[in-house]
Amino acid sequence: MTVHSGSCLCGAVKFDVKGDFDSFYICHCRYCQKGTGSAFAANLFVPAGVLTWLSGKETVTSFTLPGTAHRKSFCNVCGSAVPGVEDSGDVLVPAGCLDTEVVTPPTANIFNASRARWETDIEGAPGFATLPDS
């Protein structure tokens, strides 16, 4: 069984997730857009995985949108998305919080009908290795 390690932006939260990813969804729903402040959320799922908090468990807050199954866990110091355990027992792992390399390719783009209009223009924008000069 694989162990994946990660942390939040400020370093208060550190964790390990034991198990193998079975899906990697790029979700374009409005809830994920609002929750990330971006065009989509990139979430990995570990069925019956084991989530171990190495530090900062007390700074993790989980929010469930009333009337939905949409849940987000985050560090209440820096706001970074961190893993959470779904009602199914699966561990949901935001891909960006992992410190170990993600080698699993995305399984599917979901809720495509809700894609942000500007998302299709991303590939046409110029690319820079760092912040461009003003």
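The values are calculated or read from the model by the stated rules, or taken from the named source; none is laboratory data. The shown structure was predicted, so the numbers you read here are calculated from the model rather than taken from an experiment. Ideal geometry is used to build each Cβ from the backbone, glycine not excepted, and the neighbour counts take in all protein chains shown. Just so you know, the surface numbers come from the protein's heavy atoms only, side chains and all, with ligands and any DNA or RNA stripped out. Shrake-Rupley method; radii C 1.70, N 1.55, O 1.52, S 1.80 Å.
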Per-residue HN-Hα couplings for the stretch 49-61 [Karplus 6.51, -1.76, 1.60; θ = phi - 60°; Hz; x = Gly/Pro]: x, 10, 9, 10, 7, 8, 7, x, 3, 5, 9, 8, 10
Rounded accessible area per residue of the chain, 1.4 Å, Å²: 61 Å²
Most fluctuating residue given options 92, 51, 65, as computed from a GNM of the chain linking Cα atoms under 10 Å: 65
Listed residues 19, 76, 91: farthest to the positive end of the dipole of the chain (Cβ charges): 76
Size of electric dipole in the chain: Cβ of Lys, Arg +1 and of Asp, Glu -1, about Cα centre, debye, nearest 20: 420 debye
Karplus 3J(HN,Hα) series, Hz, for the stretch 120-131 with 6.51 cos²θ - 1.76 cosθ + 1.60 (x for Gly, Pro): 5, 8, 4, 4, x, 6, x, x, 9, 6, 9, 4
Distribution of pairwise C-alpha distances over the chain, 10 Å bins, in %: 12, 39, 35, 13, 1
Apportionment of accessible area to carbon and sulfur, the chain, percent (1.4 Å): 55 percent
Pairwise FRET efficiency - residue 78 versus residue 23, Cβ, R0 = 25 Å, nearest 0.05: 0.40
